[in-house]
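Below is one structure; the comments refer to it alone.
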Amino acid sequence: MSSLYLKGVKLINPSSEFHLKKVHLSIKNGKIDYLGLKETTAAGKVVEGKDLIVTPGWFDLRANFCDPGMEHKEDLNSGLKAAAAGGFSDVCLLPDTHPTIQSKNDIEYLKSKGRGKVTTVHPMAAVTLGRKGEELSEMIDLHHAGAVAFTDGHDPIWNTDILLKTLQYLQPLNGLLMNRPEDKWLAKFGVMHEGVQSTRLGMRGVPVAGETIMVERDLRILEYAGGKIHFSQVSSAEAVDMIKKAKKRGLAVTCDVSVHHLCFNDTYLSTFDTNYKVSPPFRTEKDRKALIAGVKDGTIDTIVSAHEPQDEESKKLEFDLAEFGITGLQTLWPVLNQLDLKGELSLEQSLPAVFDGPRKVLGLPAIALNVGADACLTVASTSTRWILDKKTNLSKSVNNPFFGKELTGMVAAVANNGLVQIIN
């Protein structure tokens, strides 16, 4: 379907003259045919509701579809279904697959699987072969093949020489390096945040220093070498403060936060539920509030799903043996909606970090919701209640702390690539 009529929905798009106003929007043949305050002739299916919002299409900067190699956890087909249901017109895929995404054929494989879908696939390629941190990949060829960024995914770039050379090699391409700020030796064997709660539970912790040491190192090398760097999944108040100061000094640095780090802190691990086991770990309430403040003041550029599917055999284990990760695509919107309902983070503050922030980080043009433009937008309800269960979950995996629970806020439709997909 390529036509849709949105009747009386609230527009959230700061660059639009209709920002925060109730609008009527018509899509015909994949393009915006009408946008205004007055009703017009409906085209195609009519979607209306006092609780509906519409924004430019949501863009996820960090997801793992486990394809190729681990399709029992997720594959491109199931991942794209979950992404569309979560409201995403675009999704960046990590190279953490088997084999690693590190060749032109690998890039083409991912891009081909996304063609003809409402959600566009944006492949990211590995910085080093096998993500081992030892030998650089052919980044120039990968860039021309369509890699939108370079990262070793869950593996931090521990080799400082590799980090330096990557920043230098990517500068002529205006390419982006994304890095996980984690000292792998300080984080080794850790299963949760190191602090009072880990001591009470008798579990080995991951210190904040493991994050801040890497942020400090990367910023110093960035200042020396030039280029630009993106820190993926910051989790601590200290890291946010360091990045904020680096931005004020004029360094080309950006960062993102997992949506679940805006919602949970380390006290949730008291039940030993492995669905709360993530990397980086949920930290203190002080850290959680600092992350929210970072989104509000623009220090944190984007909010990501950090979608990390794990099969049941990887999660139904003793806490220290279970794998890290949460499936985040379908619950990003309910979490943001919940934060708004609680008065902690308004939708006007959070959603630009989902539709504008990622595009700015990647150097892509912003989406314009104007008459005549290609329709790339997301429509969502702020009041619809639903339960994430075997029927509604479109991922192959169920490793999500919200599984089996009632959520408030549901995606209604996504338009992109000349297509309109009604979700609910």
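For the stretch 122-153, the residues whose amide N sits under 17 Å from a probe point set 7 Å from the Cα of His98 along the beta carbon direction are 130-132. Taking other residues whose beta carbon is less than 10 angstrom from the beta carbon of Asp96, and scoring Lys, Arg as +1 and Asp, Glu as -1, yields -2. The spread of Cα positions in the stretch 181-305, taken along each principal axis and listed from longest to shortest, comes to 44, 30, 22 Å. For trypsin sites (Lys or Arg not before Pro), the sites in the stretch 40-97 that DSSP calls loop and that have at most 15 other Cβ atoms within 10 Å are Lys50. Computed from label points 7 Å out along Cα-Cβ, the spacing between Glu344 and Leu186 is 2.5 nm.
Secondary-structure-derived ellipticity at 222 nm for the chain, considering helices only, amounts to -7500 deg cm²/dmol, per-run term -39500 (n - 2.57) for DSSP H runs with n ≥ 4. Comparing Trp158, Trp58, Trp185 in a Gaussian network model of the chain, where Cα atoms under 10 Å apart are tied by springs, the biggest mean-square fluctuation is seen for Trp185.
For the chain, with all protein chains in place and a probe radius of 1.4 Å, 51% of the accessible heavy-atom surface sits on carbon or sulfur.
About the centre of its Cα atoms, the chain shows a dipole size close to 1140 debye [charges on the beta carbon of Lys, Arg (+1) and Asp, Glu (-1) only; nearest 20 debye].
With K and R counted +1 and D and E -1, the other residues having a Cβ less than 12 Å from that of Ala322 yield a net charge of -4.
Starting from the Kirkwood radius over alpha-carbon pairs of the stretch 219-292, derive D by Stokes-Einstein at 37 °C in a medium of 0.692 mPa s and give it in µm² s⁻¹. Diffusion coefficient, whole number: 246 µm²/s. Ordering 311-318, 265-272, 25-32 by mean Cβ neighbour count within 10 Å, with the highest value first, yields 25-32, 265-272, 311-318. Evaluating kT/(6 pi eta Rh) at 20 °C and 1.002 mPa s, with the Kirkwood radius of the chain over Cα pairs in the Stokes-Einstein relation, gives 99 µm² s⁻¹. How much area per residue is accessible in the chain when the probe is 1.4 Å and only protein heavy atoms are counted (Å²)? That works out to 40 Å² for each residue.
The values are calculated or read from the model by the stated rules, or taken from the named source; none is laboratory data. All values reported here derive from a predicted model rather than from experimental measurement. In this analysis, Cβ positions are derived from the backbone assuming ideal geometry, glycine residues included, and neighbour counts consider all displayed protein chains. All accessible areas refer to the heavy atoms of the entire protein, side chains included, with ligands and DNA or RNA removed. Shrake-Rupley method; radii C 1.70, N 1.55, O 1.52, S 1.80 Å.
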